[in-house]
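Working notes, beginning with the structure itself.
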Amino acid sequence: MAELGVNIDHVATVRQARQTYEPDPVWAAALAELGGADGITVHLREDRRHIQDRDLRLLRETVTVKLNLELACDQQVLDIACEVGPEQATLVPEKREEVTTEGGLDVVSNREAVGRAVQQLTDAGIYVSLFLDPDIAQIEAGAELGARAVELHTGQYALAKGAKQKEELESLILAGQRVRELGMALHAGHGLTYRNVRPVVQIEGMHELNIGHSIISRAVMVGMERAVREMKELVED
Ligand code: PXP
């Protein structure tokens, strides 16, 4: 059975739209836990467009399930991560102009920077996952750097339709197999919705799914606890 990590960044996006105090992602995390979330995921971006340092620090005190921090290989954010101490850190690429994380981390071309980040986080006792495209060379490079898990980027699968979506699913399956052969845990996320999540849940050895936008979108209509519970039912086999 895969675990469900609920990404609450977009609760903070709504708050930051007015630079005010509501809605509070800390409340959202508590409600997500009530709905059955196995983990709470937040991305502390260099530009602080949604999650703020204050959110991360309060979440560290209040979240009772796994806290997973997404971050870029940026020294300032890495130092905050090591000080705050989430159970898990997921290294992602980051571009200021992007709307959301657009692709996986390029470990092959950035071995040194990624390797340093993996080492620093590992030394701080944090379990490190790398957000990678379903690309065998990237996965092998990630294993060499000592990552404990790989989160496969499901964005292309989520965007594709019909036969193309089957092809994208097939490459996720093959990549997932390689992740497990190399002794790493298999995670997946990005663009997953109530409609497209099931085939990803069924990939052999799937251990964790991180889902944000679709859950928060549903939560606006039906409430956070119910939105999380409905996704949790789909993630359970
Ligand atoms: N996993 C990673 C590494 C991400 O960067 C994101 C987006 O913040 C997600 C999962 C969740 O993506 P979505 O909001 O499309 O569900």
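Filtered by the rule that a residue be outside any loop (DSSP other than H, G, I, E, B) and in contact with a Phe, Trp or Tyr (Cβ under 9 Å, 6 or more places away or on another chain), the stretch 189-209 gives G189, P199, V200. Quickly run through the stretch 186-224 and pick out the residues that are open to solvent by 40 Å² or more (accessible area, probe 1.4 Å) and of a type in the set (A, V, I, L, M, F, W, C). Residues satisfying the conditions are V220, M221, V222. Being in a helix (DSSP H, G or I), under 28 Å from A30 (Cα atoms), open to solvent by 20 Å² or more (accessible area, probe 1.4 Å) and more than 16 Å from the ligand (Cβ to nearest atom) is a property that R229 has. In the stretch 42-87, which residues are open to solvent by 50 Å² or more (accessible area, probe 1.4 Å) and in a helix (DSSP H, G or I)? R54, R57, L58, R60, E61, T62, Q75, Q76, D79, E83 - these are the residues of the stretch 42-87 that are open to solvent by 50 Å² or more (accessible area, probe 1.4 Å) and in a helix (DSSP H, G or I). Here A30 meets the list (1) out of contact with any Ser or Thr (no Cβ under 8 Å at 6 or more places or on another chain); (2) touching a residue at least 24 places away in the same chain (Cβ under 8 Å) almost entirely, failing just condition (1).
Going by the structure shown, is E144 open to solvent by 10 Å² or more (accessible area, probe 1.4 Å), within 13 Å of the ligand (Cβ to nearest atom) and not hydroxyl-bearing (S, T, Y)?
no
Scan the stretch 121-157 for residues that are in contact with a Phe, Trp or Tyr (Cβ under 9 Å, 6 or more places away or on another chain) and either among the basic types (K, R) or assigned to a loop (DSSP other than H, G, I, E, B) (or both) and the total you get is 2. Of everything listed in (1) closer than 20 Å to Q88 by Cβ; (2) in contact (Cβ under 8 Å) with a residue 40 or more places away in the chain, the single unmet condition for I203 is (2).
V107 fulfils the conditions (1) part of a helix (DSSP H, G or I); (2) aliphatic (A, V, I, L, M); (3) over 21 Å from V6 (Cβ atoms) except for a single criterion, (1). Filtering A17, A12, A30, A37 for residues that are surrounded by fewer than 21 Cβ atoms within 10 Å (Cβ to Cβ) and either within 17 Å of the chain's Cα centre (by Cα) or within 23 Å of E208 (Cα to Cα) (or both) leaves a single hit, A30.
If the condition is being under 17 Å from the mean Cα position of the chain (by Cα) and closer than 14 Å to G142 by Cα, then the stretch 176-217 contributes G176, V179, M184, A185, L186, H187. Here I139 meets the list (1) in contact with a strand residue (DSSP E or B) (Cβ under 7 Å, 6 or more places away or on another chain); (2) closer than 30 Å to A28 by Cβ; (3) not polar (S, T, N, Q) almost entirely, failing just condition (2).
The values are calculated or read from the model by the stated rules, or taken from the named source; none is laboratory data. The structure displayed is predicted, hence computed values, not measured ones. Cβ atoms come from the backbone with ideal geometry, glycine included; neighbour counts cover every protein chain shown. Just the protein is used for accessible areas: all its heavy atoms, side chains included, with ligands, DNA and RNA removed. Shrake-Rupley method; radii C 1.70, N 1.55, O 1.52, S 1.80 Å.
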